[in-house]
Amino acid sequence: MVHNAHIHGGQIVADVLKVNKVKVVFTLTGGHISPILIGCQNNDIDVIDVRHEANAVFAADAVSRLSTSLGVAIVTAGPGVTNTVTALKNAQMAESPLILIGGAPPTILEGRGALQDIDQINLVKTVVKGSFAISKVKDIEPKLSKAIEMALSGVRGPVFVQLPIDTLYPEETVRTGYGIKKDPKGFMNKFMNWYVKRSANKVLFGLTDNIIPVEVKPKNFEVNDTTIFKALGLLQSASKPVFLLGSQIINSSESLTDLKDALESLNIPLFLSGMARGLLGKDHNLQFRHKRSYALKNADLVILFGVPLDFRLDYGRHISRKSYLISINRNKFLLKQNRIFRKIQLQIHSDPKDFLLKLSEYKRSKNILFPNLKPWFDELKKVNSERDAEIDKLAEEEPVENINPLAAAKIIDNYLTEKSVLIGDGGDWIATLSYIIQPRGGLKWLDPGVFGTLGSGGGFALASKYINPDNTVWLFYGDGSSLYSVMELDTMKRHNLPIIMIIGNDAAWAQIAREQVEIFANELATRLEHTDYHLIAEAFQSVGIIVKQISELDGALQKAIEINKQGQSVIINLVLSKSDFRKGSISM
Ligand SMILES: Cc1ncc(C[n+]2csc(CCOP(=O)(O)OP(=O)(O)O)c2C)c(N)n1
């Protein structure tokens, strides 16, 4: 329940979060922030305490991506905040909304040598959408509400809110902490006491007010009818149209069915990327998984729904100059980026999901017909099947030692269901997997996104299991990546969030080694060992399994699923051979 008679600023923070339907916060504690955590507990908001601040932010990011709730992370002042920087940047690049609350030293001591006092606002400036420095209790409610509105509106992203310790603790504690005396002696002492008391009064003013926070309504985009009709007109005359759908298309789990219906009624060949992966389930006839560049080179109309012209599309150069290009994006900057490489004929600054839904609604209501696209579908199917056959052949190759990653991926895919949430955190092995395993539904696939951050897996997995307790969460790690966050096994254990982890153990930072060795004939800093990663599980009363031969994999997966159902996390240490499958796929 929301408390109106606040006993401390931490409770006001928790009340604002509660009114905005926040169900969980992720934290690594510190004296600066305790009152907020206590307030959350008072309000029945779950508090999940993790083992590294970055993971608190990765988890908050994943909550926002996977549910209709806003992700929130709460960390202590100084090193607590600095530890979040990479995860904040990752969320900013992925346009994932979240609130990071950071503690700070008392307002009166700012810049005077207090513990953990650094310029946090300037530090995070370039990695967040916005930041708010609160210095008075009475500003907590309006500024935190503004921060939430900012995170969720327009191009969404992380917002930082700084709350000094004296805005959060009960009045008595703050006054004692300020060293306010009842009866000071002497002129200087009296003057100091007056100054300190005045400062405390300023900070605490409003604490006893009856503050009733209200839920924030984010500002959303309008969809302009003229652009819808223009797109429909172009689709009416296109014989080789193709849709690319990216993460911006998925704003909430509520619209997944509507999105699927809309795509089916439009009936255009499409490719899914980022968070949009899995939207249509396994083997849908509209979706093509391979040879996207072929489709983009041969299409006459390309529509990008929330997909930027970045390195993944070779900055636009993957798209034939002869085709007409439409891009719908929430981000104005991304609509203009790289026009030197590829002009976008129709730039639509709007929400791609709303645009898509309206496109199909108008097509239906106005009885608009598109040309017969069967020849184009057949052409794409043919190149797609050719690639599938190539992959099948490579999967059958016997490696000199250990396990062929393609063969392993094919077996793993057999165990996935509509209740499997898949998380990728690694290089080569993860990219190989993503060619083969298929998420069985929308919001069932999570990777860091365009920032390509190793280490997001542990936090993502915690949030995924929290959001989907009856789903099986599979965390696929590279061996290099795994040690960034595998210690979150401890949080998984304490908070009953059991995960299946599969570590692709190729004894290398293989994605880097592949190019480096070819270019410089030197393995420097890219070699690891076939470490016994599965033994880590034992330290956390979890289960570790080593798989050295492909024939052992089915048994290991069955065992892992069974153990996981009973509430334990499992690490499968999958010993892989080197593979040339992704040769030549360096990203510049
Ligand atoms: C935080 C971070 N550090 C370094 C990199 C550079 N990097 C990209 S892929 C990769 C190799 C990943 O190795 P591993 O997790 O073992 O997966 P593998 O490529 O061996 O399958 C590295 C080091 C990165 N993307 N992010």
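Taken together, the values in this text are just the output of simple stated rules run on the coordinates, not laboratory data. No experiment lies behind these values; they were computed from the predicted model shown. Ideal geometry is used to build each Cβ from the backbone, glycine not excepted, and the neighbour counts take in all protein chains shown.
Would you list TYR484, TYR435 from fewest to most Cβ contacts within 10 Å?
Starting with the residue having the fewest Cβ neighbours, the order is TYR435, TYR484.
Principal axis lengths of region 490-588 from Cα atoms, whole Å, largest first?
The Cα atoms of region 490-588 stretch 48, 30, 23 Å along their principal axes.
Give the residue list of trypsin sites (Lys or Arg not before Pro) in region 138-234 that are DSSP loop and have at most 14 other beta-carbon atoms within 10 angstrom.
LYS181, LYS182, LYS185, LYS219
Would you work out which of TYR435, PRO106, GLN541 lies farthest towards the positive end of the dipole of the chain? Charges go on Cβ: Lys and Arg +1, Asp and Glu -1.
PRO106
How many nm is it between the label spots at TRP194 and TYR315, if each spot is 7 Å from the Cα in line with the beta carbon?
6.5
If you count, for each residue, the other Cβ atoms within 10 Å and average over each peptide, how do 73-84, 527-538, 40-51, 493-504 line up from highest to lowest?
73-84, 493-504, 40-51, 527-538
Report the full-extension gain for the segment PHE205 to ILE561: residue separation times 0.36 nm, less the Cα-Cα distance, to one decimal in nm.
Length gained, PHE205 through ILE561: 122.7 nm.
Rounded if a/c is under 1.5, else prolate if a/b is larger than b/c, else oblate: which is region 227-301, with a ≥ b ≥ c the root eigenvalues of its Cα gyration tensor?
Taking the square roots of the gyration eigenvalues as a ≥ b ≥ c, region 227-301 is oblate.
Working out 0.36 nm times the residue gap between ALA114 and ASP392, then minus their Cα-Cα distance, what length gain in nm do you get to one decimal?
Full extension from ALA114 to ASP392 adds 93.9 nm.
Extent of region 456-511 along each principal axis, from alpha carbon coordinates, in Å, largest to smallest?
Answer, in whole Å and largest first: 33, 19, 14 Å.
Per 10 Å bin, what percent of the C-alpha pairs of region 374-496 does each bin hold, from zero upward?
Calculated P(r), rounded to whole percents: 12, 36, 34, 15, 4, 0.
Could you tell me how many degrees, from 0 to 90 and to the nearest 10, lie between the Cα long axis of helix 140-152 and the main elongation axis, the longest principal axis, of the Cα atoms of the chain?
For 140-152 against the chain, the angle is about 10 degrees.
Taking 0.36 nm per residue of separation and subtracting the Cα-Cα distance, what length does fully extending LYS382 through THR68 add?
Gain on stretching LYS382 to THR68: 109.1 nm.
Give me the orientation-averaged projected area of the Cα convex hull of the chain, in nm², one decimal.
The Cα convex hull of the chain, projected and averaged over all directions, gives 29.8 nm².
So how far apart, in nm, are the two label points at LEU256 and LEU524 if each is 7 Å from Cα heading toward Cβ?
Computed distance between label sites LEU256 and LEU524 equals 4.7 nm.
Calculate the FRET efficiency for ASN367 and TYR435 from the Cβ-Cβ distance with a Förster distance of 41 Å, rounded to the nearest 0.05.
0.55
Work out the length of the dipole vector of region 48-158 about its Cα centre, built from +1 on the beta-carbon of each Lys and Arg and -1 on the beta-carbon of each Asp and Glu, and round it to the nearest 20 debye.
160
Sort PHE221, PHE451 by Cβ crowding within 10 Å, fewest neighbours at the top.
PHE451, PHE221
Arrange TRP445, TRP194, TRP474 by Cβ neighbour counts within 10 Å, fewest through most, would you?
With the fewest neighbours first, TRP445, TRP194, TRP474 line up as TRP194, TRP445, TRP474.
Where Rh is the Kirkwood radius over the Cα pairs of region 240-347, the temperature 37 °C and the viscosity 0.692 mPa s, what D in µm²/s does Stokes-Einstein return?
234
Ratio of Rg to Rh for region 121-204, alpha carbon only, Kirkwood?
Rg/Rh for region 121-204 comes to 1.16.
Obtain the radius of gyration and the Kirkwood radius of region 307-465 from its C-alpha atoms and give Rg over Rh.
Reported Rg/Rh, Kirkwood definition of Rh: 1.01.
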